[in-house]
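Following: one structure in structure tokens, then a few remarks.
The values are calculated or read from the model by the stated rules, or taken from the named source; none is laboratory data. Since the model is a prediction, treat every value here as computed from it, not as a measurement. Cβ: placed from backbone, ideal geometry, glycine included. Neighbour counts: every protein chain shown.
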Amino acid sequence: MDWQDHERRQPRVSARERVAALRAQRQQRWRRFLTFGGLALAVLVTVWGVGWLWNTFAASMRLSDPRPASGGSAPANTVFRQPFTVLLLGVDQRDDGAEGVRSDTLILAYVNPNERWVSLLSIPRDTVAVIRGLGEQKINAAYSYGYLHAADLYGRGVDPAAAGAALAAETVATLLNLPVDYVAQIDFAGFERLIDAIGGVIIEVPSPLLDSSFPTADYGYERIFIPAGLQVLDGATALRYARSRHGSSDFDRARRQQALVRAALTTVRSRGLLDQASAVSALLAEARRSIKTTLPIDDPAALRELIALAQSLDPDRIATFSINPREVAVVAEIGSDIYWNRRDLAALVERVRAGPRIDREQATVQVLNGTPVNGLAARVSRALDNAGFRTLPPANAERRETTIIIDYAGKPAALARLAAHLGLPATQVFATPPADAPPQPLGADIVLLLGRDYNPAWALAP
């Protein structure tokens, strides 16, 4: 076959057809470009939209912290790498303006993210504390005073809610001599909605709760009754269970509030709510409406760490504490105002910092009298009993000048608590017996050996 035959078999293409073919190729390239460009644009719009939605969500919950050098200024990548504290505020905010804004609940959460445990310390609202600008007042006055005097305390333009939370945090930090890094606050209506969003809480009510004078939102009263036993509480009932104080006491109320926190966490974990997209969406929607916090939730890395911590936290790793007469001596009670013993309060804070270990560690203390004061060891033993320590009958020892504490049985948390309770320096506290220590008394884990430098306040019963 010669070239002429090949040429005859090839279709002849006119100039018009060649132009049309080139035009079709260019249109195909444009369609491909628009397709890929459209996909890229869609991705960019989606990413921007998610970012916009997240920033909007975080902004609605984020509470500025007007305190100078507050914990919220820490770099995001170090926020949850060391123990930190969060002041949980239950805020009574009503429709009648500032008069209805006050903190009804104060719980300090001490969080150890490395060991995955939390200590909750309830602070009675009748506790007398030093409030900047007010002096000595009930501690629940701090929030409302900060709310009403935001500009005077923190400068013009500061959100009243942020100022109220900040002053409450300042006051708690001063009372406990413990920094408060962050604040999270929720109002009563928000608490109800969040409990309903998780389907209610399953909780064991230890004894019937009857309150014939429970306060209502319109400043009236109603009668409530919650029976004993295993209960599923909806939001409204859970709020009543948390707030009621007329049927028992403020200290029992603190116990109930802590039990609800633990029950809510248990409920979320047992129902796998954090693994369900629809449940998470509902929870986030309610959180956006109800919670304000200085935690850095607008930083995605910090938020991921916080969520991971919440998911991995075992309810059994939550230790609960409260300021109450069994733990802290009452120095004075004027009307409903309560003044607490500072030394006992410091000892309680040490237990909070020790975490769940202190709840499981039981230690027996024996007081030995190394002074010429007859009966001193017996009086100190009684005072320790009243402060919550477990003691053995006291005994005498050889005379000595310096008081020391000796741990014979490896009880570090109890040793730290006793040392903080007495206010003894580290040089007088021995984790193991020193060379000149007396033999370990039968049944004693820790020995308090009184010397001539003893503090007479040690013998005062709380």
### Task
For the range 116-133, state whether one or more residues are surrounded by fewer than 17 Cβ atoms within 10 Å (Cβ to Cβ) and in contact (Cβ under 8 Å) with a residue 60 or more places away in the chain.
yes
### Query
How many of the residues making up the range 348-360 are assigned to a helix (DSSP H, G or I) and either modelled with pLDDT of 90 or more or not hydrophobic (A, V, I, L, M, F, W, C) (or both)?
9
### Query
Looking at LEU239, LEU274, LEU265, which one is at pLDDT 85 or above, closer than 30 Å to THR85 by Cβ and outside any strand (DSSP E or B)?
LEU239
### Query
Condition test on ALA217, is it farther than 27 Å from SER336 by Cβ and either part of a loop (DSSP other than H, G, I, E, B) or modelled with pLDDT of 85 or more (or both)?
no
### Summary
Output for Cβ contacts, cut-off 9 Å, separation at least six or different chains, first residue within 14 Å of ALA165 (Cβ to Cβ) in the range 135-148, second outside any helix (DSSP H, G or I) and acidic (Asp, Glu), reads ILE139/ASP126; ASN140/ASP104; ASN140/ASP126
